[in-house]
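The values are calculated or read from the model by the stated rules, or taken from the named source; none is laboratory data. Owing to the predicted nature of the structure, the values given are computational and were not obtained by experimental measurement. We place every Cβ from the backbone using ideal geometry, glycine too, and count neighbours over all the protein chains shown. Each accessible area value is taken on the protein alone, full model and side chains, heavy atoms only, with ligands, DNA and RNA left out. Shrake-Rupley method; radii C 1.70, N 1.55, O 1.52, S 1.80 Å.
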Amino acid sequence: MRVTEEFIRNMPKVELHLHIEGSLEPELMFALAQRNGVELPFKSVEEVRRAYDFSNLQDFLDIYYQGMNVLREEQDFYDLTRAYFEKIAAQNVMHTEIFFDPQGHTERGVAFDAALSGITRAMADAENELGVTSKLIMCFLRHLSEEAAFKTLDEALPHKDKIIGVGLDSSEKGHPPSKFERVFARAREEGFKIVAHAGEEGPPEYVTEALDLLKVDRIDHGNRSLEDAALTRRIVGSGIALTVCPLSNLKLCVVKDMRDHPLKKMLDLGIKATVNSDDPSYFGGYMTENFTAAANALDLTAEHLLTLTRNGIAASFLTDTEKSALLDRLDSFAQKQAA
Ligand code: ADE
Ligand code: ZN
């Protein structure tokens with residue numbers, strides 16, 4: 001089985017690490033700015049794209065929070081989410097688990113319910129009209145306080161039917177998982193699934209904290225886990241998945257060159273790694289572009305790509321029956337390729 005562009009495009013995919021606000025394309029940013037009378041510090045789409053030159057996570061986050069300022073009304077969140085689904089449906093993504101950052105909106109006076117309703121309305125339409133299923137995960141901004149996270153969790157409780165899990169994102173260094181141990185304990189009691197960004201820029205100890213204190217179901221990124229041999233053995237042994245984001249890691253200088261990316265090493269070690277796009281508008285690509293960049297730089301085989309996708313299906317928050325159906329679709333694709 002040869003890895004061609006066509007193979008990567010046609011392979012049925014699953015995405016587990018996607019910030020919906022990070023799918024805001026500059027064209028939509030301008031359209032929403034005009035619709036809402038928001039002034040942007042950029043004159044053109046080209047100027048926005050030129051600003052997407054980051055040296056680290058914080059450089060990106062500053063622009064990401066500025067960009068989401070155009071999202072004001074329920075319809076804005078709908079349009080944002082709909083545009084993402086149209087992109088991924090064209091890339092044969094079968095299922096996606098979407099993050100949103102409620103505090104990025106409530107801090108600006110936009111109601112939690114406006115964001116939630118626009119996103120979930122687009123999720124329902126995408127399932128009916130495009131055949132893409134999805135789940136929603138709410139992230140706490142780790143640069144804000146524990147108290148602010150508790151308040152956000154309280155706002156989510158009436159909507160437990162629409163939010164499957166809680167996560168932790170934003171500026172990692174200096175904001176260890178331990179800062180949120182009590183909020184995540186409460187979230188677990190309420191029945192939410194748990195994920196956390198860890199080991200993207202932060203040290204391996206933050207991954208250990210995410211496992212021990214937050215009791216995560218998946219680690220988002222987790223690259224720096226490999227610096228600690230005992231932690232690596234623990235990750236392999238437990239079978240916990242890492243949601244890896246190749247183009248994000250390149251754009252945020254987590255790796256200097258895609259050829260240095262640890263994805264293949266993770267698979268060789270037996271880690272349940274998955275491929276994801278993180279913030280596709282800001283990092284230069286959606287699922288297909290992420291698989292292509294990693295496959296080209298690391299000489300990944302078709303078997304590697306299928307394993308990454310199987311890992312994604314297994315690590316999703318779908319039921320076993322739903323996972324089996326997705327695996328069947330992947331297997332029938334693989335069989336057709338091999339024939
Ligand atoms: N928020 C959006 N994308 C993020 C990332 N890659 N890391 C941390 N916080 C984020
Ligand atoms: Zn992320």
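A few comments on the model shown:
- Ligands, DNA and RNA excluded, the heavy atoms of Met11 present near 0 Å² of accessible surface to a 1.4 Å solvent probe.
- Placing dummy labels 7 Å off each Cα toward the beta-carbon, the span from Glu147 to Asn56 is 2.8 nm.
- By the Kirkwood approach, averaging reciprocal distances over each pair of separate Cα atoms, the chain gets a hydrodynamic radius of 20.0 Å.
- Prolate/oblate/rounded call for the range 166-233, Cα gyration tensor, a/c under 1.5 rounded: prolate
- Carbon/sulfur fraction of accessible area - the range 91-173, other protein chains in place, 1.4 Å, %: 48
- FRET efficiency, Arg182 to Thr307 (Cβ-Cβ, R0 35 Å, nearest 0.05): 0.40
- Accessible surface comparison of Phe150, Phe291, probe 1.4 Å, protein chains only, largest first: the order is Phe150, Phe291.
- Net charge dipole size for the range 5-338 [Lys, Arg +1 and Asp, Glu -1 on Cβ; Debye, nearest 20]: 620
- Span from the the range 208-231 Cα centroid across to the the range 36-108 one, whole angstrom: 27
- Across the range 5-338, Cα pairs under 8 Å and at least six residues apart give a relative contact order of 19 percent.
- Taking all protein chains together and a 1.4 Å probe, the residues His175, His143, His221 rank His143, His175, His221 from largest to smallest accessible area.
- Length-normalised contact order of the range 33-153 in % [C-alpha pairs under 8 Å, at least 6 apart]: 27
- Only helices enter the 222 nm calculation for the chain: every DSSP H run of n ≥ 4 contributes -39,500 (n - 2.57), and dividing by all residues gives -15000 deg cm²/dmol, rounded to 500.
- Peptides ranked, highest mean first, by Cβ atoms within 10 Å: ranges 72-83, 38-49, 126-137: 72-83, 126-137, 38-49
- Carbon + sulfur, % of accessible area of the range 195-339 - ligands and nucleic acids excluded, 1.4 Å: 50
- Seen through its C-alpha gyration tensor, with square-root eigenvalues sorted a ≥ b ≥ c, the range 193-339 comes out oblate because a/c lies at 1.5 or above while a/b is not bigger than b/c.
- Between Leu153, Gln75, His143, the Cα set farthest toward the positive side of the dipole of the range 73-156 (charges on each charged residue's Cβ, about the Cα centre) is that of His143.
- Using a probe of 1.4 Å, the accessible surface attributed to Lys264 totals some 60 Å² when neighbouring protein chains are kept in position.
- Solvent-accessible surface of the chain, taken per residue with a 1.4 Å probe and all protein chains present: 40 Å².
- Greater than 26 Å apart at Cα, pairs in Lys265/Lys336; Lys87/Lys173; Lys151/Lys215; Lys87/Lys215; Lys160/Lys323: Lys265/Lys336; Lys87/Lys173; Lys87/Lys215
- Simple label model, 7 Å out from Cα along Cβ direction - Asp113 to Gln66, nm: 3.3
- Solvent-accessible surface (1.4 angstrom probe) belonging to Ser316, in square angstrom, nearest 10: 10
- Largest to smallest accessible area among Arg234, Arg35 [probe 1.4 Å]: Arg35, Arg234
- Our coupling estimate for the range 18-25, obtained by passing each phi through the Karplus curve with A = 6.51, B = -1.76, C = 1.60 and θ = phi - 60°, is 8, 8, 4, 5, x, 9, 6, 6 Hz, Gly and Pro reported as x.
- Theoretical FRET efficiency, 1/(1+(r/R0)^6), r = Cβ-Cβ of Gln335 and Asp299, R0 25 Å, to 0.05: 0.60
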